[in-house]
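Comments concern the structure below.
The values are calculated or read from the model by the stated rules, or taken from the named source; none is laboratory data. Note that this is a predicted model, so its numbers are computed, not measured. Here the Cβ positions follow ideal geometry from the backbone for every residue, glycine too, while neighbour counts run over all protein chains shown. Heavy atoms of the whole protein, side chains included, go into the accessibility calculation; ligands, DNA and RNA do not. Shrake-Rupley method; radii C 1.70, N 1.55, O 1.52, S 1.80 Å.
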Amino acid sequence: MNLPQSLPGRRVCFAVFVISASILMLELVLTRIFSVKLYYHYAFMVISLALLGSGASGVYVYLFPNFFRRDRLERQLFLACWLFAASIPLTLALILRLDFQFDFTLRQLGRILLLYSIPAVPFFLGGLCLSLAMTHLAENVSRLYSFDLAGAACGCLLVIPLLNVLGGPQAMLSIASLAAAVCWLLLPSGGSRSWLWIPLFLVGPITAFLILSPGNPWLKIQYVKGRNEGEALFSKWDSSSRITVVQVNRDRKNTWIIMDGDAGTLLPDFDGNIASWRFLQARVSSLAYHIKPSAQTLIVGPGGGIDVLTALTFGNREITGVEVNPITVNDVMREQFKDFTGGLYFRPEVQIHVDEGRSFIRRAAQSYDIIQATLVDTWAATAAGAFALTENNLYTVEAFKDYFSKLKDDGILTFTRWNLEPPQQDLRLVSLTRAAMQELGLSGPERSMIIVRESRQREAVECNFLFKKSGFTDEEVQRIEAISQANAFEMLYTPLTRPDNPFTKLITAANPRPFYDSYPYDVSPPRDNSPFFFHTVRLRQVWSSLFLSWESKKTNVGLLVLFLVFLAALVLVLLFILVPLYGFRKKALSERRGSSELGYFVCLGLGFILIEMTLVQKFILFLGRPVYALSVVLFATLLFSGLGSLFSGRLPKDRLRRSISAVCLLVAALVLAYLPLLPFFLYRFVGLTTPLKALLVIAFLAPLGFVMGMPMPLGIQWLQRVSPPLIPWAWGINGSASVLGSILTMVIAVNLGFNQALTLAIGLYLLAALFLFHRHRSEAFALPAWELAHFRRQDDP
């Protein structure tokens with residue numbers, strides 16, 4: 001590499017690798033922490049805006065070239081890396097102690113703004129390290145960019161064991177230690193030996209604190225979703241959640257498993273005496289067992305085991321549970337609280353599997369009398385960072401078809417959701433069932449469904465939905481109605497009792513489309529392409545989500561937050577990129593060489609993130625857990641993009657423009673080919689083991705990732721030839737476009753679908769190729785004949 005003699009090539013490349021890995025791990029760990037501290041859509045918002053710090057750093061390297069000079073590269077790289085490491089523990093300390101409430105008052109908006117500003121600092125400093133290297137060592141950009149992407153790919157894999165072993169706060173401290181250690185690779189030459197002690201003074205205390213930190217009150221999240229959490233009986237992090245066990249007023253009968261400070265499941269104080277728990281038979285969620293006692297049962301999301309206990313009280317002797325959270329099963333139910341729960345998950349009648357429910361059902365060889373899911377939600381943002389909003393693959397048309405296929409001929413599907421006024425989630429279960437029945441050729445929806453809710457005593461009450469493949473007999477319906485009357489339940493629909501309400505109208509409608517169009521909420525059946533079951537506010541009513549009841553607002557306000565984030569991010573891009581460029585470098589923007597490059601790098605940033613986010617979503621079902629999809633997809637995409645970047649440095653320099661256009665067209669063609677191939681791939685190999693599926697995903701994504709890694713370094717090489725001062729600006733605008741693209745992906749997915757997001761990505765890569773073609777044609781008309789001939793000799797064969 002053509003580097004300063006004092007900065008050996010391998011040391012700089014390895015430093016870029018580790019810093020890039022640290023930045024990505026910091027992003028994902030912060031998402032976990034914010035998912036606990038805030039609600040899931042705010043976790044998305046904070047990380048999206050914080051990433052602007054990384055993009056903005058490149059712009060300021062460009063705006064102040066006299067300060068960021070090449071002869072200062074050694075000391076500035078060292079200092080930026082050191083400040084990046086030092087800012088992480090300071091950021092953590094502020095985040096852990098900042099209170100937050102779920103409202104939109106001016107005071108609260110100020111706190112939200114502060115939350116945005118805090119994470120931006122380490123991202124800016126980490127991005128500054130990469131921008132300095134890319135700017136002053138642009139002649140080696142293909143190699144540097146490959147190490148950058150490879151580092152990010154490894155960060156995707158490392159963050160999972162890091163969170164599983166250390167938890168959120170300790171993981172952040174370990175990232176600070178790693179970043180500080182990189183300072184040793186970037187030590188300036190010829191300086192005082194005192195420089196050596198600066199990284200040591202940072203690494204030493206942080207590492208010692210990390211080792212001694214288990215249970216340290218300084219690393220405890222003081223406020224969880226606006227509440228002081230108090231003392232917990234048990235607490236543990238992993239890569240997808242933080243599980244705590246709490247007792248309300250030291251009452252053993254009021255012990256709860258809490259996920260990320262919000263979603264809770266009761267932990268039963270069970271002594272092994274099943275008869276003492278027969279009161280559970282009076283719960284609205286138990287209705288299916290009254291007409292199918294001693295059933296072969298599958299429970300999706302058993303949590304602390306209340307549904308398992310309910311099935312046992314009815315004499316079930318074969319109960320299978322599928323719980324996605326390993327801490328709940330292994331650490332809580334099988335270890336720490338084994339005696340408290342009477343060894344519930346060790347009983348011979350009970351088999352518990354740690355898996356994603358739908359993935360397990362697809363692989364299951366047997367059929368069931370009852371498939372049950374009670375209030376199974378996914379409110380928390382996973383380690384996917386900005387890759388999760390309210391999607392839930394358990395509630396789609398394709399999911400219900402999977403459930404129906406695993407029911408026996410007279411089997412019952414029973415789901416319990418919250419009932420609001422007017423109904424939303426429970427009514428959407430009806431629309432899902434109607435769509436699935438139609439596609440499977442099942443008739444008679446009016447005989448196949450029963451909906452019963454608890455008496456209305458509060459805003460949201462439990463509502464039980466029952467579906468039977470063969471249709472309910474009159475005797476079964478009368479049995480359900482009698483039990484409902486005895487427990488003061490309200491019958492919203494049965495084949496024999498049909499009140500004038502939305503449930504009856506939807507179930508008995510010959511064509512449900514007019515009902516969907518006229519209903520005040522969107523209760524049309526969601527599909528895998530847009531699995532947003534909980535989002536029921538229409539696009540034109542998005543502002544009204546602020547004024548909904550609490551339970552409805554909690555799920556529907558996410559789209560409004562997305563729009564606000566998009567506007568805020570757009571304003572920040574203008575404020576920190578375009579306005580400074582216009583004010584400080586007006587001449588550069590007005591040159592003929594600036595506008596096309598601007599469009600090119602914007603298209604790359606938007607297109608890359610649209611493809612990346614959508615692929616993560618697509619492979620969640622295939623790999624079984626969101627965190628696996630995140631790690632494997634990002635690892636494959638970034639790793640092979642790094643290899644593609646490295647390979648791009650070998651392409652002929654005299655055909656650079658044609659190479660860029662060809663690569664952009666090839667990315668668009670591959671994505672277009674993946675659209676029909678993905679469904680076949682996902683359904684054909686779903687029965688394989690997880691390691692084999694992960695290897696298949698990596699192999700499947702390798703060609704696309706390899707080609708996606710080329711346009712960025714080739715574009716940098718193009719700028720190196722035509723306008724070198726714009727290189728840091730291109731780096732910054734590309735990162736900022738990625739932030740906007742992450743938000744845009746979710747907006748498109750909620751309203752249109754993930755396939756439409758991929759279609760837009762195809763258009764963006766085609767547009768990127770068109771920008772350079774237009775740029776070349778414009779120059780051809782503008783240059784004199786002798787210069788045009790020289791230009792063609794340099795760029796064309």
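Per the Kirkwood formula applied to alpha carbons, the range 336-380 shows a radius of gyration over Rh ratio, Rg over Rh, of 1.01. Each peptide in 173-180, 331-338 was scored by the mean count of other Cβ atoms within 10 Å over its residues; highest first, the order is 173-180, 331-338.
Of all DSSP bridge pairs formed entirely within the range 257-351, close to 30 percent run antiparallel.
Using the average count of surrounding beta-carbon atoms within 10 Å as a protection proxy, the listed peptides 634-640, 406-412, 431-437 rank, highest first, as 634-640, 431-437, 406-412. The slack between PHE14 and LEU440, meaning 0.36 nm per residue of separation minus the straight C-alpha distance, is 147.9 nm. Cross-link check: pairs LYS618/LYS693; LYS253/LYS553; LYS37/LYS253; LYS292/LYS406; LYS408/LYS618 evaluated at a Cα-Cα cut-off of 19 Å; pairs beyond the cut-off: LYS253/LYS553; LYS37/LYS253; LYS408/LYS618.
Straight Cα distances below 18 angstrom link LYS554 to the aspartates and glutamates ASP103, ASP260, ASP262, ASP377, GLU391, GLU421, ASP426, GLU459, GLU462, ASP522, with same-chain residues fewer than 8 positions distant left out. Computed over the range 253-402, the alpha-carbon pair-distance distribution with 5 angstrom bins reads 2, 9, 18, 23, 21, 15, 8, 3, 1, 0, each value a whole percent.
Eigenvalues of the alpha-carbon gyration tensor of the range 604-664, scaled by 5 and square-rooted, set the equivalent ellipsoid semi-axes at 30, 12, 7 angstrom, largest first. Working from label points 7 Å from Cα in the Cα-to-Cβ sense, the SER405 to ARG97 distance is 5.5 nm. Sorting the segments 413-419, 610-616 by their residues' average number of neighbouring beta-carbon atoms within 10 angstrom, most packed first, yields 610-616, 413-419. Using every pair of distinct Cα positions in the range 387-543, the Kirkwood expression returns a hydrodynamic radius of 16.0 angstrom. Rolling a 1.4 angstrom probe over the range 465-522 with all protein chains present gives an accessible area of which 48% lies on carbon and sulfur atoms. Cα extents for the range 520-570 along the principal axes, largest to smallest and rounded to whole angstrom: 32, 27, 18. Using alpha carbons only, the radius of gyration of the range 639-773 set against its Kirkwood radius gives Rg/Rh = 1.01. Scanning residues 5 or more positions from ILE299 or on other chains, those with amide H under 5 Å from its amide H are THR320, GLY321, VAL322, GLN372, with H placed 1.01 Å from N in the peptide plane. With each label modelled as a point 7 angstrom along the Cα→C-beta vector, the ARG334-PHE279 pair spans 3.1 nm. Computed over the range 280-326, the Cα gyration tensor eigenvalues convert (square root of 5λ each) into semi-axes of 18, 12, 8 Å, ordered from largest to smallest. Per residue, the range 404-452 exposes an accessible area of 29 Å² to a 1.4 Å probe, with every protein chain left in place.
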